[in-house]
Amino acid sequence: MAALIAENFRFLSLFFKSKDVMIFNGLVALGTVGSEELFSVVAFNCPCSPARNYIYGLAAIGVPALALFLIGVIWNNHTWNVVAECHKRGVKNFSAAATFLLFGSIMGRAAVAPVTWSVISLLRGEAYICALSEFVKPSSLDKFPAEYGAEVLARFPCKDVPANLTKFRDEVTRRLKYESQLFGWLLIGIVAVLVFLTKCLKHCCSPLSYRQEAYWAQYRSNEDKLFQRTAEVHSRILAAKNVKHFFGFVALDKEEKELVQEFPVEGVQPSPQWNAITGVYIYRENKGFPLYSRLHKWAKGVEGNGPSPEGHEMLFLAS
């Protein structure tokens, strides 16, 4: 039983650590849906006041979407690769197409959560009704009393209206909810078409075959996993050596003692090596042989970052 539980936890760990873009985006979307539902239940409270409804309704949709977008940009590894690239080498070696695709990749990945938030908000309709109820023209409502104006219409989302206006409130709510949901479905359709066209364009413009591109994605994923795992062990062993040098001994557990004995660490990598393997990577070929990453390129001893005359260039879009 213990072994079965351990295997299940291992499977879940691998699943949630997967680099597959569709799985990652799906999890982000589901988390955003849950957050939006929680926000609507706990936090959303229309002020039902002229001039305030519009600002509050738009803020309820736009501000969380903006925050989610910025969080998505911050969490994207490509963002910090771009920062490192601009700081160390600049982007003069990138073609216009590669630069466009790079920023498109960052923006597209970061847009998953805010678009999901906006769609769910529009489908629910509460924020939209709150924002636009006061702008409904009384003349568009059959037999609406002339003595009432925008101030009463602004209170419709809170149902705080005179009894003789109940049917008008229901009509306004129904009309605005229809508009809100229509915009939500249109947004879903537009995003779906854009994703489809982007995927088609990516594969059509790629110099790689489908199988080689899949191999490239597997290589990058495995390289990243092995690099992180090795860096953790290397840093632990180096830290143990320095602590021992300071105190004269170091308190290690059994596993750490085995690591120190099995992997002797003589020193650290110089900064030029770290700079060489850090930054944005554009797919290159050297004399017909692919270079799948900056680390691969450094290991092969290839100098320079510009494409060779016989080489190809394609932005790395996989995570």
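The values are calculated or read from the model by the stated rules, or taken from the named source; none is laboratory data. It should be emphasised that the depicted structure is a prediction, and the values quoted were computed from it without experimental measurement. Cβ coordinates were reconstructed from backbone atoms using ideal geometry, including for glycine residues, and neighbour counts include every protein chain displayed. What goes into the accessible areas is simple: the full protein's heavy atoms, side chains included, and nothing from ligands, DNA or RNA. Shrake-Rupley method; radii C 1.70, N 1.55, O 1.52, S 1.80 Å.
Evaluating GLU213 against the criteria (1) of a type outside the set (Phe, Trp, Tyr); (2) open to solvent by 60 Å² or more (accessible area, probe 1.4 Å); (3) farther than 30 Å from PHE135 by Cβ leaves one unmet condition, (2). Within region 120-135, the set of residues being surrounded by fewer than 21 Cβ atoms within 10 Å (Cβ to Cβ) and out of contact with any Ser or Thr (no Cβ under 9 Å at 6 or more places or on another chain) comprises just one member, PHE135.
No other residue among TRP80, TRP117 is closer than 30 Å to ARG284 by Cβ, among the aromatic types (Phe, Trp, Tyr), at pLDDT 80 or above and assigned by the TED database to the domain that holds LEU197 apart from TRP80. Open to solvent by 80 Å² or more (accessible area, probe 1.4 Å) and either at pLDDT 95 or above or over 16 Å from GLY57 (Cβ atoms) (or both): is that true of THR198 in this structure? When the stated conditions are applied, THR198 passes them. Residues that are part of a helix (DSSP H, G or I), modelled with pLDDT of 90 or more and of a type in the set (A, V, I, L, M) are absent from region 156-163. Among (1) in contact with an Asp or Glu (Cβ under 9 Å, 6 or more places away or on another chain); (2) in contact (Cβ under 8 Å) with a residue 12 or more places away in the chain, where does ARG169 come up short? Every listed condition holds for ARG169 apart from (1).
Considering only residues that are under 18 Å from TYR281 (Cβ atoms) and not in a helix (DSSP H, G or I), look in region 201-228 and name the one that is modelled with the highest pLDDT. Checked region 201-228; the qualifying residue modelled with the highest pLDDT is LEU208. Being modelled with pLDDT under 80 and farther than 15 Å from PRO64 by Cβ is a description that applies to ALA150.
When THR173, THR166 are checked against the criterion of being part of a helix (DSSP H, G or I), open to solvent by 40 Å² or more (accessible area, probe 1.4 Å), modelled with pLDDT under 90 and within 20 Å of LEU58 (Cα to Cα), a single residue qualifies: THR173. Among the residues of region 136-147, just one is of a type outside the set (D, E, K, R), open to solvent by 60 Å² or more (accessible area, probe 1.4 Å) and in a loop (DSSP other than H, G, I, E, B), namely ALA146.
Contact map, region 267-283: residues that are assigned by the TED database to the domain that holds HIS78 and at pLDDT below 85 paired with residues that are of a type in the set (Gly, Ala, Ser) and part of a loop (DSSP other than H, G, I, E, B), Cβ distance under 6 Å, separation 6+ or inter-chain. No pairs are found.
The single residue among ALA240, ALA231 that is under 25 Å from TYR292 (Cα atoms) and either in the same structural domain as GLN269 (by the TED database) or at pLDDT 90 or above (or both) turns out to be ALA231.
Taken over region 237-250, the criterion of being open to solvent by 90 Å² or more (accessible area, probe 1.4 Å) and either outside any helix (DSSP H, G or I) or in contact (Cβ under 8 Å) with a residue 60 or more places away in the chain (or both) is satisfied by PHE249 alone.
A quick yes/no check of all residues on (1) surrounded by 11 or more Cβ atoms within 10 Å (Cβ to Cβ); (2) touching a Leu at 6+ places or on another chain (Cβ under 6 Å); (3) not aliphatic (A, V, I, L, M):
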site	(1), (2), (3)
SER221	yes, no, yes
ASP224	yes, no, yes
SER235	yes, no, yes
LEU252	yes, no, no
GLU262	no, no, yes
GLN273	yes, no, yes
VAL280	yes, no, no
PRO290	yes, no, yes
